[in-house]
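Step one of this worksheet: look at the structure below.
Computed from the coordinates by the stated procedures, all read-outs in this text should not be read as laboratory data. Note that the coordinates shown come from a computational prediction; the quantities given were computed from them, not determined experimentally. Cβ atoms come from the backbone with ideal geometry, glycine included; neighbour counts cover every protein chain shown.
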């Protein structure tokens, strides 16, 4: 209960921080939040939401109550969507909805050095360096700038760790997984957040 | 003298140019018929819309954004369902900026140019067949089974297509390995409408509660001449059994008009009051797309496929196939199709094993859903989202949806009765399609074997991993 309360408090604080950041851009050119603080806030929301889904929905129903399966083919299998899919669907919806919001501009994705889906392997130099850094330096984030398609971005990479047994079992058992010896608490990949910056 | 003549000619040329320019501009901005400006014939998918350029070119002064909007207006939903593996958001993501430079996947016209018959291929694609190469040149590294395959073969036999790349994903193939050609039971799912009626917020259940009506309860206004046969027909339908009285179809503008008007000839719009999804899907297909564009109904005479000469001028509305008052879905599923369609595949239907099953079902020798009509395959029963919260199994009235490519038909139609391997082979064989699936497929596609080899590969890797972890 205490954990849930602190999670909700964190979520609320982050929502306030992000709202403040967006509102600040409406009133002037000087943002009151740095790209790094904004990325940290966004990541806290994303990470907490996914942890809640993973622990309180997927792990509870699949591992504890054993009433339903989770599957990447959740529609065909009439199962729960995987936490990584829930995360990606959210990222796609954000990209879709923010297209019509001139003051909201960021993107994020879940990537890994050992991706089940090869499309989620790092592509840019920053992604590769960031994923390697967070895997080698547990508890630390990676921040850099990069230029893609002529636009400069502040890019942040956060470690994505195995928070529940389902994370480990799913990745270790998947036929397309290039790594099958993950343990609970291991860094399995990273969340990459990009915010366009001037210059 | 020569100079004066030159001036006169120049003035005449100028006046003519201005006059012609003005006339063309006037026609462009205000004219109803703009076919004069058509740069080339329309593709088979759009040829019916040639007399209303405004369907796509909704703003004479607009640019690419107008065309993009028009594409999405009609095809946007098809991109989302059942699964679009190349959504727009994939290409707006900065990490794919390099791919976007290779191919502008944000604009439909990058791959689907109109008015260019000389480069238009099947499914309205105007890019070369090896387009996948731009982003997937290293596919053999990820999937060794694909090594050596030509990039011109990606879309063959339903393996991949850009907008629904995952219809036949590897795990799906594995799940259906070693299925018999004919499944047991071989049966279509039952349609759902009554079962979800209470959840359909737009259904006028307050005016027409679901309760059986008989001919004596018909609510046609006093003085309306109603033939006894019409009443009898209505009384035997699902409409009468479900409380759908005369006024439900024959009264116009019930919502907004204080004085509802009776019409003897309800049209598609009236049907849509209750069957909005069916009408919407009908208007997305080649049967109803002209109605959606505000044009007169399609007629077989305007079709590019062979049609019966005596059907040339028949107009395609709901009532064309669903005979009014009788609304016999069995007639709509076979006879209504064959009344117009006269191509080899259609003519071969009555000698096909599918038709034999259909006849046996009609005679009561087989359970409902065992027969195979034209509609069983071309208007499959699919689970369709009514909204974000409710779905129901309905007949997809967009009969064009599963033809481009035809492998789209495998999941909603073939797999109710046939194994996946058989279905893939059957739809890859044009000769078998011509003879309406009489006899075995003469083509074999290697998809299932590839999936089985991949399964074996994964098993070996898993075993090797377990062995190494138990013997460190």
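With N denoting the number of residues in the range B:114-260, provide Rg(C-alpha) divided by 2.2 N^0.38 Å, to two decimal places.
1.86
Taking a quarter of the surface of the convex hull around the Cα atoms of the protein assembly as shown, what do you get in nm²? Intermediate values should be presented prior to the final figure.
Details: hull surface 177.3 nm².
Taking the Cα atoms of the protein assembly as shown, their convex hull projects to 44.3 nm² on average.
Place a label point 7 angstrom from the Cα of residue B:403 along the Cα-to-Cβ direction, then list the residues of the range B:140-178 whose backbone nitrogen is under 18 Å away.
B:158
Between residue B:344 and residue B:127, what is 0.36 nm times their sequence separation minus the Cα-Cα distance? Round to one decimal in nm.
Working: separation 217, 0.36 × 217 = 78.12 nm, distance 3.01 nm.
Going from the current span to full extension adds 75.1 nm.
How long are the three semi-axes of the equivalent ellipsoid of chain B, in whole Å, if each is the root of 5 times an eigenvalue of the C-alpha gyration tensor, listed from largest down? Before the final figure, lay out each step's value.
Numbers: eigenvalues 337, 315, 97 Å².
Square roots of five times the eigenvalues give 41, 40, 22 Å.
Considering every residue in A:171-181, what mean count of other chain Cβ atoms within 10 Å of its Cβ is obtained?
Numbers: counts 0, 3, 2, 2, 10, 7, 4, 1, 1, 7, 3.
Averaged over the peptide's residues, the number is 4.
How big is the Kirkwood radius of the range B:1-91, worked out from every pair of different alpha carbons and given in Å to one decimal? Kindly include the intermediate steps, with their values, before the conclusion.
Numbers: mean 1/r = 0.0594 Å⁻¹.
When all Cα pairs of the range B:1-91 are included, the Kirkwood radius is 16.8 Å.
Along the Cα-to-Cβ line of residue B:80, 7 Å from the Cα, sits a label point; which residues in the range B:87-114 have backbone N less than 11 Å from it?
No residue qualifies, since no backbone N sits under 11 Å from the label point.
Along Cα→Cβ, 7 Å out, is where each label goes; now give me the distance between the ones at residue B:359 and residue B:116 in nm to one decimal.
With each label placed 7 Å out from Cα toward Cβ, I get 5.0 nm.
Please give, to one decimal in nm, the separation of the simple spin-label points placed at residue B:464 and residue B:141, each 7 Å out from Cα toward the Cβ.
The two pseudo-label positions are separated by 1.9 nm.
If you take the alpha carbon radius of gyration of the range B:293-339 and divide it by 2.2 N^0.38 Å, what ratio comes out, to two decimals? Walk me through the numbers before you get to the answer.
Working: Rg = 11.3 Å, N = 47, 2.2 N^0.38 = 9.5 Å.
Compared with the compact-globule rule of thumb, the range B:293-339 sits at 1.19.
Between residue A:61 and residue B:51, how high is the FRET efficiency from 1/(1 + (r/R0)^6) when r is the Cβ-Cβ distance and R₀ = 41 Å? Nearest 0.05. Write out the running numbers ahead of the final one.
Values: r = 56 Å, r/R0 = 1.37.
Computed FRET efficiency for residue A:61 and residue B:51 comes out at 0.15.
Quickly estimate the mean residue ellipticity at 222 nm for chain B, helices only: each DSSP H run with n ≥ 4 gives -39500 (n - 2.57), and the total goes over all residues, rounded to 500. Could the numbers behind the result be given before it?
Working: 22 runs with 174 residues, N = 472.
Here the helix-only value at 222 nm equals -10000 deg cm²/dmol.
Give the order of B:114, B:461 when sorted by the count of other beta carbons within 10 angstrom, beginning with the fewest.
Details: B:114 22, B:461 15.
Result, fewest neighbours first: B:461, B:114.
Label-point separation (nm) for residue B:276 and residue B:313, each offset 7 Å from Cα along Cα-to-Cβ?
Rounded to a tenth, the inter-label distance reads 3.7 nm.
Calculate, axis by axis, the spread of Cα positions in the range B:296-380 along the three principal axes, and write the results as whole Å, longest axis first.
Here the Cα extents, ordered largest to smallest, are 41, 32, 21 Å.
Can you give the Kirkwood hydrodynamic radius for the range B:34-137, in Å, rounded to one decimal and based on Cα pairs?
Details: mean 1/r = 0.0659 Å⁻¹.
Roughly 15.2 Å, rounded to one decimal.
Roughly how crowded by other chains is peptide A:145-156, in terms of the mean Cβ count from those chains within 10 Å of each of its Cβ atoms?
Working: counts 0, 2, 2, 7, 8, 2, 2, 0, 3, 0, 2, 0.
Per residue, the average neighbour count from other chains is 2.
So for each of B:39-52, B:302-315 I average, over its residues, the number of other beta carbons within 10 Å; can you give me the resulting order with the highest mean first? If you can, show how the numbers build up before the last one.
Working: B:39-52: 15.9, B:302-315: 13.9.
Top of the packing list down: B:39-52, B:302-315.
Other chains near A:91-99: what is the mean number of their Cβ atoms within 10 Å of each residue's Cβ? Write down the numbers at each step before the final one.
On the way: counts 2, 6, 1, 1, 7, 4, 1, 2, 3.
For this peptide, the per-residue mean of nearby foreign Cβ atoms is 3.
Give, in nm to one decimal, the length gained when the segment between residue B:207 and residue B:388 is fully stretched (0.36 nm per residue of separation minus the Cα-Cα distance). Working shown, then result.
Details: separation 181, 0.36 × 181 = 65.16 nm, distance 2.55 nm.
Separation in residues times 0.36 nm, less the Cα-Cα distance, equals 62.6 nm.
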